[in-house]
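The values are calculated or read from the model by the stated rules, or taken from the named source; none is laboratory data. These figures come from a predicted structure and were not determined experimentally. Cβ sites come from the backbone with ideal geometry, for glycine too, and all protein chains shown count toward neighbours.
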Amino acid sequence: MAPVSGGRVTLVDGVPHRDGRPFVSVGVNYHPSATGCDYWREWDGARIDDDFRRMAEVGVDTVRFFVFWADFEPEEGVYDPVMTDRVRELAGTADRHGLSCLPSLLTIWMNGQRFDPPWRDGRDLWRDDGLVERQRAFAHHIATALRDAPNVLAYDLGDEIIHADSASSAALDADEVRAWWGKLASAIRAADPAALVLQANEASAVLGGHAFRPEHARPLDMLGLHGFPVWTPFHIESVAARKATAFVPYLVRRGSAHRPVYVDELGSYGCDEATAAGYLRAAAHSAFAAGAVGTAVWCWQDFTTDRRPYALRPNERRVGLLAADGREKPALAEYRAFARRVTGELAGFRPLPAPVGVFVPEHDPEDGAGYLTPSGSDAPAPFYAHLLLQQAHLPYEFTHRGAELERHALLICPSVRQLSLPDRRRLERYVTSGGVLLYSTGSLLDAAGDEELFGIRIRDFTLAAGTHAGFTWAGDHYPLHWEPGPVPVIDAVGAEVLAAFADGSPALTRHRLGEGTAHYLNAPLEAQLNAPYRLQEASWHRLYAALAEAAGVRAPLTVDDPVVETTVLGRGAERCGVVINHSPEPVRTTVRRPSAGGTPRATEQLWLEPKGVRLLFWRDGAPEQDPSHPSHPSHRERSEERRS
C-alpha cells in the first residue's frame, strides 16, 4: 500500500475528508504482543514495522496507540528524547504502510490499572494548576513532535483518563471539564494547527455519572466513545443478544447530536471466537449506519507478556483480532469485509436527515437537591427508545433543546424524570408550530404533565400499581411494570383520551395545540423495559409506529421482522439500505420500500444469518427495479457475500 496521500484529515460539515473526499477510518488499537504496555521502553522497531505491514494487508488504515506519560516525562518537566524520537519513528513506520495515526496522550489508565508518572504524587489532574500546566505542556510537546507527520488523524487527549481519579473527575462541573478540554486542545493546535482533537471515554460519557459528556464537548472536534456489552446497566442478556449489537450504535447516535463520533474501541469480552466475530460484524455496520466517522477494534493481537496489567487481568490477553501465534481469528475476516465495504462501495454514504427526533433533556444535577431529586436513573429510557425506533424501522436521531426541533415531524420524549421549565417551553413551541410530540412521564412531580402543553392534570398518586398494569390502544395491549413508588393518576382537561387504565383514568391522551399535537403517556414506557427479556414480551414498538403514521412519517425501508434493523444512507441521489439482523438466530424476511405513491411493496426476500448484514442500493426517485433482474443491486450484494 502506498503512503497516505493528501495530508491531514479535515472536517467538512462534521464529516472527515481527505483529498477532498469523505474518509472513514477503519482502525485497531495497538500494543505489541510481546511487550504490551512496556513497548516504548523495550522498543522493537522491526516488530512494529511487521505488525503495521500486516495491518495494511488486511485493510486496516488507522492505528491507535498510547503515549504513556510516565515513559515520556520520567521527571517532572523533563522529556526523554529517546521516547520522543520513537513516537516519530512509529508515526513514520505507519506512514510507510499507509496507516493514519491516532495517538492517545496522557495515558495513565490502561485495562483497569494506573501507569502514573511517579512525580504526580497524588495531585489532582484537574484542580491542581501546576499539574494542569504539566498536562498542557506535555500535549504541546507530543503535538510538536508529530506536527510534520502527514498521517496524524487526530489526537486523543487521554483515553478514559476520568478513571485515573474517578472521585475527582466525578466532582467536576461542566465549566471545569470544558476548561480542561479547551486548555489541552489549544496547546495541541498551537503546536500543530492542522490537528483534530478528541477525548475518548467509555459509555459513562453518555449514560451519566460525570460531566465529560457530549453536550459539553464544544472545545473538541470529535468525540471518542466506546462501550462493551458486558459492562452496561441495560440488562443485556448475552454478547449474542439483540441488545448487545445495538449498544454501540446507540452511543454513536447520542454523541452525534453534538460532535462527530469516533468509536475508538469496538469489540467484545466474555465470549468465544465465533460469537465475537458475529458481534463485530453487526456492531461495526450498525455503528457506521448510525454515523460513526471511524472505528478502532480492541485490539490488534493477543498478548504473550504476563506483566502489568495482564497479570492482574489475564482476560485482557485474549481479545485480539490475531491470536498470539499470529493466527487470524474469525473476527478479523469480518473486519476485513467491513473495511472493504466502508472504504469502497459505501464511501461517501452518510445518514440522511431524520423525520423522527428523540428529545433527551440535558441538565447538570443541582448541588444540594437532596430528596427533591427524582429517584431512579435517566440512562435506560433513551436506550430503549432507540431499540423501539430501530424495531419500528423509523429514521431517527437524538436531539436537544438548542437544536432545530422543527425539522422533525415526530418528537419522542421518553420516560422523562425531570423536565425543566425551559424544556417545557421549547417543546410547546415545537408543538404549536405543527410538530407531533409523544411524551412519556418518568416521575410524579418533576416530569408531570400540565394543562398548557398536554391538556392534563395530576389528580393524585396511588401505590396500587395493579390499577395501572397496562392499557390497550389501536388493537395492541401494552403491559406495564412499575417500580415501587407513587404511580400518578391524571385527569384530562382539554385533551382527548385515547386509552385508559383499569381504574378509568387516562393512560394515553392527545391534545391539539396550535398547529400540532401533544400526546401524553402516563407511564414510563421505555424505562420499564430495562429488565432481562422484557423487550420480547410485547410489540412495544407498534406504539411508535402508529404515532409516526399519524404524523405522516413513512419508513423508507422496512422488513417484516422487528429484530432486523433497516437504516437508509444517502450519497447525493444514491441510497443504500443497510439491513442488519441483530438476532442470534437466522431470519428470513421480506424487505419493502414505499413506491412513488407511498404504498409498501415487496422488493426482495432476504435470508439473514445470525448477526448478518445486507446492503441494498437504489437511486432516489428512480423507477423501481425488478429484484429478479441480474443488474439489481441485491444481486451484486449476494455476489460480494459469496466472494467474501
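Points worth noting:
- The listed residue being touching a residue at least 12 places away in the same chain (Cβ under 8 Å) and assigned by TED's automatic domain parsing to the domain that holds LEU196, out of ALA311, ALA290: ALA290
- Residue ranges of helices (runs of 4 or more DSSP H) in segment 203-290 with at least 3 members closer than 28 Å to LEU172 by Cβ and touching a Phe, Trp or Tyr at 6+ places or on another chain (Cβ under 9 Å): 204-207, 242-256
- Condition check for GLU428: at pLDDT 95 or above, outside the structural domain of GLU565 (by TED's automatic domain parsing) and either surrounded by 18 or more Cβ atoms within 10 Å (Cβ to Cβ) or within 22 Å of LEU513 (Cβ to Cβ) (or both): yes
Listed here are the residues, each with its yes/no results for (1) under 29 Å from the mean Cα position of the chain (by Cα); (2) assigned to a helix (DSSP H, G or I); (3) in contact (Cβ under 8 Å) with a residue 40 or more places away in the chain; (4) surrounded by fewer than 22 Cβ atoms within 10 Å (Cβ to Cβ).
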site	(1), (2), (3), (4)
GLY7	yes, no, yes, yes
VAL26	yes, no, yes, no
ALA34	no, no, yes, yes
ASP49	no, yes, yes, yes
ARG53	no, yes, yes, yes
VAL67	yes, no, yes, no
MET83	no, yes, yes, yes
ARG86	no, yes, yes, yes
CYS101	yes, no, yes, no
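- Test: LEU105 is assigned by TED's automatic domain parsing to the domain that holds LEU332 and over 29 Å from the mean Cα position of the chain (by Cα): no
- Single unsatisfied condition, ARG593 versus (1) surrounded by 15 or more Cβ atoms within 10 Å (Cβ to Cβ); (2) charged (D, E, K, R); (3) in a strand (DSSP E or B); (4) at pLDDT 95 or above: (4)
- Test: residue in segment 553-560 that is assigned to a loop (DSSP other than H, G, I, E, B), touching a Lys or Arg at 6+ places or on another chain (Cβ under 9 Å), within 30 Å of ARG341 (Cβ to Cβ) and among the acidic types (Asp, Glu): yes
- Scanning segment 302-343 for residues that are hydrophobic (A, V, I, L, M, F, W, C) and either within 16 Å of MET110 (Cβ to Cβ) or part of a loop (DSSP other than H, G, I, E, B) (or both) returns PHE303, ALA311, LEU312, VAL319, LEU321, ALA323, ALA324.
Here's the yes/no breakdown for (1) in contact with a strand residue (DSSP E or B) (Cβ under 7 Å, 6 or more places away or on another chain); (2) of a type in the set (Val, Ile, Thr); (3) closer than 26 Å to VAL261 by Cβ; (4) assigned by TED's automatic domain parsing to the domain that holds PRO74:
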| position | (1), (2), (3), (4) |
| --- | --- |
| ARG120 | no, no, no, yes |
| TYR155 | yes, no, yes, yes |
| GLY158 | yes, no, yes, yes |
| ALA164 | yes, no, yes, yes |
| ALA170 | no, no, yes, yes |
| GLU176 | no, no, yes, yes |
| ALA185 | yes, no, yes, yes |
| ALA194 | no, no, yes, yes |
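- Condition met for ASP378 (part of a loop (DSSP other than H, G, I, E, B) and free of Cβ contacts under 8 Å to residues at least 60 places away in the same chain): no
- Taking (1) modelled with pLDDT of 95 or more; (2) surrounded by fewer than 20 Cβ atoms within 10 Å (Cβ to Cβ) in turn, LEU529 satisfies each apart from (2).
- Every residue from segment 396-435 that is among the acidic types (Asp, Glu) and either without any contact (Cβ under 8 Å) to a residue 40 or more places away in the chain or in a helix (DSSP H, G or I) (or both): GLU404, GLU406, ASP423, GLU428
- Any hit, segment 488-504, residues being surrounded by 14 or more Cβ atoms within 10 Å (Cβ to Cβ), aliphatic (A, V, I, L, M) and touching a Leu at 6+ places or on another chain (Cβ under 6 Å): yes
- Residue count for segment 138-174 satisfying the condition of being surrounded by fewer than 19 Cβ atoms within 10 Å (Cβ to Cβ), in a helix (DSSP H, G or I) and within 24 Å of the chain's Cα centre (by Cα): 4.
- Hey, VAL252 within 21 Å of ASN581 (Cβ to Cβ) and surrounded by 22 or more Cβ atoms within 10 Å (Cβ to Cβ) or not: yes
- Filtered residues of segment 49-84 (kept if within 24 Å of ALA333 (Cβ to Cβ) and either of a type in the set (Lys, Arg) or touching an Asp or Glu at 6+ places or on another chain (Cβ under 9 Å) (or both)): ARG53, ARG54, MET55, VAL58, VAL63, ARG64
- Matching residues in segment 112-135 - criterion: being free of Cβ contacts under 8 Å to residues at least 40 places away in the same chain and charged (D, E, K, R): ARG120, ASP121, ARG123, ASP128, ASP129, GLU133
- Within segment 334-353, the set of residues being without any contact (Cβ under 8 Å) to a residue 60 or more places away in the chain and surrounded by fewer than 21 Cβ atoms within 10 Å (Cβ to Cβ) comprises GLY344, PRO353.
- Whichever residue in segment 216-249 is polar (S, T, N, Q) and over 23 Å from THR566 (Cβ atoms) and, among such residues, is surrounded by the fewest Cβ atoms within 10 Å (Cβ to Cβ): SER238
- Subset of segment 471-499 that is among the small types (Gly, Ala, Ser) and assigned to a strand (DSSP E or B) - its residue that is farthest from ALA518 (Cα to Cα): ALA499
- Meets criteria (polar (S, T, N, Q), closer than 24 Å to GLU316 by Cβ and surrounded by 16 or more Cβ atoms within 10 Å (Cβ to Cβ)) for THR62: yes
- Failed condition for GLN625, given (1) in contact with a helix residue (DSSP H, G or I) (Cβ under 9 Å, 6 or more places away or on another chain); (2) modelled with pLDDT of 55 or more; (3) not hydrophobic (A, V, I, L, M, F, W, C): (2)
- Residues being surrounded by 14 or more Cβ atoms within 10 Å (Cβ to Cβ) and under 19 Å from LEU220 (Cα atoms) - total across segment 9-22: 7
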